[in-house]
Amino acid sequence: ADERASWSRHLEFIITCIGFAVGLGNVWRFPHLMYSSGGGAFFIPYIISLVFMGIPLFCLEILFGQFASKGPITIWENNPLFKGLGYTMVSLAAIISIYYNVVVATAIYFLFASMQSELPWASCGNDWNTCNCRTYDMSRNLSDPLMWFNKSGLNCTGKETAVNGVRGSTDEYYYNKVLEATDGIEDAGKLKWDLTLCNLLAWVIIAVALIKGVKSMGKAVYFFAIFPYILLTVLVVRGVTLDGAKKGIDFYLKPDIDKLIDSRVWKSAASQIFFSLSCCTGSLTAMSSYTKFNNNFIRDSMIIPIINCFTSFYAGFAIFSVLGFMSENSGVPVDQVSRDGPGLIFVAYPEALAQLPVPQLWSILFFFMMICLGMGTQFPSVETVMTGLQDEFPVLRGRRANIVFRLLVCIAGFLLGMPQTTQGGSYLLDLCDFFVGWPLMLIGFFEVVAIIWVYGFFRFTEDVLLMVGHSLFAKITYYVYFSWGMAIATPLFILFIIGFDCYDYERYPSDAPRWAEALGWLIVAFVMMWMPLWYIIRFIVAIFQNPEGLPLWQLFVKMNQPTKKWGPQNPEHRTIPRYQQASAGQQPFSDPVHLESVGNSNLSLPPPYPGYAHSPPNYPANDNKGFESSDIEIEKTKF
């Protein structure tokens with residue numbers, strides 16, 4: 001077998017995970033969800049989701065990849081019937097990467113637009129402006145409305161604009177110039193070639209960074225993950241000194257408690273935790289598969305989510321202080337001053353940049369920061385798709401095949417993103433962003449079921465202690481918090497969110513045609529279909545290739561057991577009896593697991609039987625009459 005690549009330094013893994021978790025979701029998705037969910041009210045479900053779901057799931061995924069050193073598809077040797085879950089994760093990572101890259105492309109567009117003698121969004125006298133346009137230094141009711149429209153030939157004499165009809169110059173630049181947005185998703189309009197070329201450039205950057213895999217990515221993330229914090233601090237300082245900033249910060253911190261009975265707020269909070277921590281897309285499993293076997297993942301899984309959530313909270317001050325400033329200028333309430341979605345970040349932040357000294361310099365630095373944040377997330381996300389497929393299909397790992405395959409993935413991502421760079425593409429992007437919340441939660445639930453309950457809690461705990469049993473702090477933290485969090489709190493909380501949202505479901509988007517909502521559910525179906533398809537087809541194949549003629553229930557139990565390939569990749573780490581038996585070709589996983597023998601632990605649990613979710617039949621270890629699920633040969637069938 002080819003030697004698996006690894007991180008040059010563990011710090012590269014930490015920074016990559018931070019760059020992956022701390023991305024545009026912190027300065028785009030988190031603020032816009034706060035904005036549309038009643039301000040500070042969003043914090044309550046967000047923190048609850050973090051503690052009872054986010055951190056345990058984050059830990060589960062990085063320890064899963066670290067233990068087996070495999071990608072999100074091939075790793076399911078612990079339960080072959082759940083391998084379809086790996087394909088589901090990779091499919092979801094691909095969809096998110098496609099539409100997320102369009103947001104990065106928009107930041108690239110703004111970066112180029114900033115390289116002008118005057119920022120194009122700082123004035124109202126342009127071809128794309130309307131009579132409703134106002135800048136921060138204009139009166140809302142001008143006695144001479146022609147004073148900024150003469151050069152564009154737009155005559156606004158006698159035109160009266162209601163207070164709620166006023167639009168900022170930045171708002172009009174984004175929607176009327178950058179997007180040229182149509183009236184709805186039903187009108188796709190024409191392809192925006194300028195935005196499409198920016199999307200192409202973003203995919204070229206990704207291809208260059210990932211052409212050599214994790215080795216080249218590890219070096220790139222040092223800059224892409226650290227630099228944004230410097231710029232973000234500058235924007236926070238400038239934002240809180242603007243007139244009206246207090247109004248926006250009050251909206252940010254003061255909760256609208258009535259919003260807590262809205263199921264969409266809870267689902268948005270849960271999906272934001274999944275989205276920002278990058279859980280349930282297979283990316284964390286892929287990245288952690290390159291770490292050392294005895295790395296203290298307990299420590300990592302506490303540090304990275306906390307840094308991520310602090311960054312979201314910190315970035316909120318920058319954007320809501322600007323929203324307060326825009327509200328003060330336009331006379332419109334904070335919750336109506338801008339539209340939500342990606343437009344929030346491409347309206348509020350540029351508005352603040354226009355007020356800084358030498359605005360062109362700060363705009364260039366800011367949008368370069370946005371590109372860094374986006375790429376810090378895109379690199380691991382796209383690498384997940386590549387790693388998952390290359391681990392599953394080794395023919396793609398060859399030196400030349402590796403390069404060709406990675407280039408083809410990036411080309412496919414660009415082509416599939418073209419519908420979102422049309423004039424109506426922003427509506428499609430919003431649709432994708434809304435509906436990916438469902439697969440994220442469903443994948444999280446089934447991931448816990450497969451790894452904790454079907455594989456077995458005591459087996460799982462033994463694997464954990466095999467990696468970090470040398471650390472007393474890690475053992476105590478696992479038993480006190482992570483064990484019950486993963487096994488009980490996380491699946492129950494996910495079921496609560498799903499049930500609440502089903503009970504209080506409202507069609508989305510409410511003003512769009514029915515086919516748009518159907519398209520959203522087709523996206524959900526495409527992502528989720530791989531798991532039941534693989535489960536059913538693999539079991540049917542096993543029935544026809546049943547060498548011992550076992551009854552169906554015994555065959556089902558055996559197919560839900562680990563194969564002989566499951567366990568640490570390096571033989572030196574396979575130190576407990578069941579992995580030693582598997583290495584020797586004996587029947588593993590039939591003997592009780594004794595946790596007190598792992599890691600010299602003083603914290604012990606009773607032997608697992610009958611505690612396993614599915615206890616296998618007690619076949620003798622060496623009679624060669626039992627069979628492993630890996631013994632069922634399937635003619636290289638790939639689903």
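Looking at the stretch 452-515, which chymotrypsin sites (Phe, Trp or Tyr not before Pro) are DSSP coil and have at most 13 other C-beta atoms within 10 Å of their C-beta?
Passing both the DSSP loop test and the Cβ count: Y505.
Loop only per DSSP, at most 13 neighbouring Cβ atoms within 10 Å: give me the trypsin sites (Lys or Arg not before Pro) in the stretch 469-528, ordered by residue number.
Listed in order of number, the matching sites are R507.
How do 178-189, 302-313 rank on mean C-beta neighbours within 10 Å, highest first? Numbers along the way, then the final one.
Numbers: 178-189: 16.3, 302-313: 19.2.
Top of the packing list down: 302-313, 178-189.
How long is the gain from L197 to L356 if the chain were fully straight, where each residue apart is worth 0.36 nm and the alpha carbon distance is subtracted?
54.3 nm
Distance between Cα centroids, the stretch 509-539 to the stretch 59-125: provide it in whole Å.
If you average the Cα positions of each part, the centres end up 19 Å apart.
Using a 1.4 angstrom probe and counting only protein chains, how large is the accessible area of W266 in Å², to 10?
Number for this one is 30 Å².
Over the stretch 486-556, give the accessible area per residue in Å² for a 1.4 Å probe, as an integer.
57 Å²
For the stretch 318-436, taking Cα atoms only, what is the radius of gyration to one decimal and the Dmax to the nearest whole Å?
19.7, 62
Could you work out how much longer the chain between F473 and W453 gets when fully extended? Use 0.36 nm per residue separation minus the Cα distance between them, nm to one decimal.
4.7 nm
Take the cross-link list K292/K565; K70/K212; K83/K558; K83/K267; K190/K267 and give me the ones stretching past 25 Å between alpha-carbons.
Violating the 25 Å limit, Cα to Cα: K83/K267; K190/K267.
Can you figure out the FRET efficiency of I257 with W484, using R₀ = 35 Å and their beta-carbon distance, to the nearest 0.05?
Once the sixth-power term is evaluated, E becomes 0.75.
Given a 1.4 Å probe and every protein chain left where it sits, what share in percent of the accessible area of the stretch 243-345 is carbon and sulfur?
59 percent
If I model a spin label at R400 and F496 as a point 7 Å from the Cα along the Cα→Cβ vector, what separation in nanometres do I get?
Going by the 7 Å Cα→Cβ label model, 5.7 nm.
Rolling a 1.4 angstrom probe over the protein heavy atoms, how many square angstrom per residue are accessible across the stretch 367-440?
33 Å²
Relative contact order of the stretch 334-432, please, whole-number percent, based on alpha carbon pairs below 8 angstrom and at least 6 residues apart.
Relative CO of the stretch 334-432 lands at 13 percent.
If r is the Cβ-Cβ distance from D511 to L408 and R0 is 45 Å, what FRET efficiency results, to the nearest 0.05?
0.70
Assuming 0.36 nm per residue, please report the length gained on full extension of the stretch Q580 to I303 beyond their Cα-Cα distance.
96.3 nm
Tell me, what % of the accessible area of the stretch 390-450 is carbon and sulfur with a 1.4 angstrom probe? Don't jump to the answer; show the numbers that get you there.
On the way: 1790 of 2410 Å².
For the stretch 390-450, the apolar C and S fraction of the accessible surface comes to 74 percent.
The values are calculated or read from the model by the stated rules, or taken from the named source; none is laboratory data. On a predicted model such as this, the values are computed, not experimentally measured, just so you know. Here the Cβ is made from the backbone with ideal geometry for all residues, glycine too, and neighbour counts use every protein chain on show. Accessible surface is based on the protein model in full, side chains and every heavy atom, while ligands, DNA and RNA are left aside. Shrake-Rupley method; radii C 1.70, N 1.55, O 1.52, S 1.80 Å.
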